[in-house]
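Asks: Have a look at this one before I ask anything.
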Amino acid sequence: MDAETLFWQQCTQAVNNDGSVDAKRLMALVIETYRSHGRNHALFALVLDNLPLGLSVFDSAQRLILCNDRFRQLFGFSADQAVPGISVRALSIRIPGKERKTVRSACRSKEASAMPPGLGKIRRREWLMDDGRVIFSVVTVLPDGSNIAIHSDITEERKAAERIAHLAHHDPLTGLPNRIRFREQVDAALSERAPNEQIALVHLNLDRFKSINDTMGVSTGDTILRQVAERIRASASSENMLARLGSDEFAVLQRGRQQPRNVTALAAQIRSELSKPFFRGDKQIELSVSMGIALAPEDGAETDILLRNAGVALSRAKADGRKHERFFTSEMASRIQARHALEADLRLALHSDEFELHYQPLYDLRQQRICGFEALVRWNHPTRGRVPPMEFIPLAEEVGLVVDIGRWVLRKACREAACWPEGIKIAVNVSAIQFTSSNLLADVDEAIAEAAISPARLELEITESVLMENLDDTLPILHALKERGIRISMDDFGTGYSSLSYLSSFPFDKIKIDKSFVCGIAENKEAYAIMHAIILLGDALGMRVTVEGVETAEQKSLLESEECDEIQGYYISPPAPAADVARLLLASRSGSMAKAS
């Protein structure tokens, strides 16, 4: 077997299953081939010059014995520079690049890596060339001081590794540091903080940004988010640390003295920048932002605590009506703890049978009798007593429990309605989350089947938010419910932004006018005119109209004169337990309904 064939057979043995080269194994094979066939220089040179890796061999005096063409190409040597006999030092000073010192220092701990017995030790070197390439060298030092080295261009591998490292710590959409990297920056800032230095952490959240994705598409949302990131970057300057924490949440870390004055000015600058219109083609988009601010060390000297408290302050800003910034206070912490305790109790309430339904009558003005009841959930807490719905329903929606509670309400209401006269309907409120986070159709079918009531007796009340969440997904569900014979009512009509437009998107059976419109109809001509117009609108669209919040005989009389269909309110009856339904129906039939409560 000639030297060339032998060499290539041995090189094949150094290739791993994934196609990569085992440098240590290849070194051993090269040494073996060199020792066996080193005297046949012409044949060996032919073999070496076809290697994909650079190869160099130096004697014990550190003078070049031989090298291949790939070695010269990698380090930019001409044929008359890398010649046998030239010293390592002479070659090194001609390399158009520098050895990376950090890598060299890191590799010193590896310089004693042992090869198979009798083959010497391995050293690793990395060179950063002037043209940007990165050359990696694996040097095998033989027992007599001579060495054989393999050199490779790892530029692309290094770039890929750097890209991966960058992506692991940065948001791919905006290029800002992500939550992981931001935590590292906060850790460092807190550990380096001078005794008299304050650090401000601002947690930002765009108000109602989800509606942009829903109405204009995710690509438009992404474009806006990139613009938001640039405006925050311009507002915060290079001295502050920025991050995108996820979705429409951002954060800024500000170091220095004179707090809270500086962070207040920063928040005002950010708000000013984000209040300017955004554009997507010819579309103008308005945004607002809520901000929560926490200061170290007062509000926390640890990263987790500082981030949590800034988030608590942000929640307070949004609860106060959005478009605000709020500084963290200890009172907020107490409220959050109370909220967490309430959440824990709410999770147990269903299993502990702490909920019950009360029913408020729906009164038909033409027939002068009760035509149905609206089911309203009540929570009887074992130690807190009666918890107001406005306190626990928003919390249930926020933490996802409203789906389970809504399913329970639906089943319970249908079961109890099954005991009422056949013509009495039952109205149940359905939240937007039940449309998006559960199989509402299956829940409705099961509730009706279990109670054995007619679908025509069930009326589902939805608010405008149900349609705003995702109209394309919601409409098919609404149509499927109507096909089953279930009636659909738009609740709180007139309180939203687009109630009129949604009336044309779906054939509602009924609109319920919010109680805020009925308060002044007896004294205020404008309020009366608005009520008159809405009733006419419902009549023109073939939809029944229910007016909520009727509390006086005068209000009832005015609505009768306007030929309103139904009323609901304390004048007829407040919400009552299921046991009172029979009494209310009896009073309705006997004509003694007025103020039956």
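Asks: Dipole magnitude of the chain about its Cα centre, charges +1 at Lys/Arg Cβ and -1 at Asp/Glu Cβ only, in debye to the nearest 20?
Replies: The calculation lands at about 2500 debye.
Asks: Run through all the Cα pairs of the chain and give the fraction in each 10 Å bin from 0, expressed as whole percent.
Replies: The percentages, shortest bin first, are 3, 12, 16, 14, 13, 12, 9, 7, 6, 5, 2, 0, 0.
Asks: If we sort 261-270, 576-585, 247-256 on the protection proxy, mean other Cβ atoms within 10 Å, highest first, what's the order?
Replies: Ranked by mean Cβ neighbours within 10 Å, highest first: 247-256, 261-270, 576-585.
Asks: For ASN429, what charge total do you get from the other residues with a beta carbon under 11 Å from its beta carbon, if Lys and Arg give +1 and Asp and Glu give -1?
Replies: -4
Asks: Less than 20 Å from a label point 7 Å out along the Cα-to-Cβ axis of ALA319: which backbone N atoms in region 332-375 qualify, by residue?
Replies: Counting only backbone N, you get 332-348.
Asks: Determine the gain in length on full extension of the stretch GLU526-SER561; use 0.36 nm per residue of separation and subtract their C-alpha separation, reporting nm with one decimal.
Replies: Extending this stretch completely gives an extra 10.9 nm.
Asks: Hey, another quick one. Taking neighbour counts of Cβ atoms within 10 Å as a proxy for exposure, in what order, fewest first, do TYR363, TYR571 appear?
Replies: Ranking TYR363, TYR571 by Cβ neighbours within 10 Å, fewest first, gives TYR571, TYR363.
Asks: While we're looking at this one, here's another question. Go through 380-388, 64-72 and give me the packing order, highest mean Cβ count within 10 Å leading.
Replies: Result, highest mean Cβ count within 10 Å first: 64-72, 380-388.
Asks: Restrict the search to region 509-593; then list the GluC sites (Glu not before Pro) that DSSP places in a loop and that have at most 10 other Cβ atoms within 10 Å of their Cβ.
Replies: Sites meeting the loop and neighbour criteria: GLU523.
Asks: Over the Cα atoms, compute the radius of gyration (one decimal) and Dmax (the largest Cα-Cα distance, rounded to a whole number) for region 170-328, in Å.
Replies: According to the Cα coordinates of region 170-328, Rg and Dmax are 15.2, 52 Å.
Asks: In region 170-328, what % of DSSP beta bridges are antiparallel (nearest 5)?
Replies: 90
Asks: Stretched out fully, how many nm does the piece from VAL399 to ILE336 gain, at 0.36 nm a residue minus the Cα gap?
Replies: Stretched out fully, the VAL399 to ILE336 stretch lengthens by 21.3 nm.
Asks: Next question. Could I have the simple spin-label model distance between HIS166 and PHE506, label points 7 Å from Cα toward Cβ, reported in nm to one decimal?
Replies: Placing both labels 7 Å beyond Cα along the Cβ direction yields 4.6 nm.
Asks: If you put +1 on each Lys and Arg Cβ and -1 on each Asp and Glu Cβ, how big is the dipole of region 340-585 around its Cα centre, in Debye rounded to 20?
Replies: 540
Asks: Please figure out what share of the DSSP beta bridges in the chain is antiparallel and state it in percent, rounded to the nearest 5.
Replies: In the chain, approximately 75 percent of DSSP beta bridges are antiparallel ones.
Asks: Among bridges DSSP assigns within region 340-585, what percent are antiparallel (round to 5)?
Replies: 45
Asks: Next question. Provide the packing ranking of 196-203, 532-539, 370-377, i.e. peptides ordered by the mean count of other C-beta atoms within 10 Å per residue, highest first.
Replies: 370-377, 196-203, 532-539
Asks: A further question follows. As an exercise, use a Förster radius of 22 Å and the Cβ-Cβ distance of ALA90 and ASP59 to find the FRET efficiency, rounded to the nearest 0.05.
Replies: Computed FRET efficiency for ALA90 and ASP59: 0.95.
Asks: So, counting K/R as plus one and D/E as minus one, what does the shell of residues with Cβ under 10 Å around GLU563 add up to?
Replies: Local net charge: -3.
Asks: Which entries of LYS276/LYS323; LYS425/LYS512; LYS121/LYS159; LYS323/LYS525; LYS210/LYS412 show an alpha-carbon separation above 23 angstrom in the structure shown?
Replies: LYS121/LYS159; LYS323/LYS525; LYS210/LYS412
Asks: Any chance you could give the angle, 0 to 90 degrees and rounded to 10, that helix 179-192 forms with the longest Cα principal axis of the chain?
Replies: Tilt of helix 179-192: around 70 degrees.
Asks: With the dipole of region 340-585 worked out from charges on the C-beta (+1 for Lys and Arg, -1 for Asp and Glu) around the Cα centre, which of VAL581, VAL377, MET490 lies farthest toward the positive end?
Replies: So the residue furthest toward the plus end is VAL581.
Asks: Still on this structure: Using only Cα atoms and rounding to the nearest 10 degrees, what angle (0 to 90) does helix 389-399 make with the longest principal axis of the chain?
Replies: 30
Asks: Another one. Please determine, in degrees from 0 to 90 and to the nearest 10, the orientation of helix 218-236 with respect to the longest principal axis defined by the Cα atoms of the chain, where the helix direction is its Cα long axis.
Replies: Helix 218-236 and the main axis of the chain meet at about 70 degrees.
Asks: Would you mind calculating the gained length between GLU192 and VAL83 on full extension (0.36 nm times residue separation, minus the Cα-Cα distance), in nm to one decimal?
Replies: 33.9 nm
Asks: Given points 7 Å out from each Cα along the Cα-Cβ axis, report the THR329 to GLU446 separation in nanometres with one decimal.
Replies: With each label placed 7 Å out from Cα toward Cβ, I get 4.5 nm.
Asks: Right, another one. Could you work out how far apart the two model spin labels at ASN262 and GLU99 are, taking each label as a point 7 Å from the Cα in the direction of the beta carbon, and quote it in nm?
Replies: With each label placed 7 Å out from Cα toward Cβ, I get 4.3 nm.
Rule-based calculations on the coordinates, nothing more; no lab input. In this text, all values refer to a predicted model and were calculated from it rather than measured experimentally. No Cβ is skipped: glycine too gets one built from the backbone with ideal geometry, and neighbour counts run over all protein chains shown.
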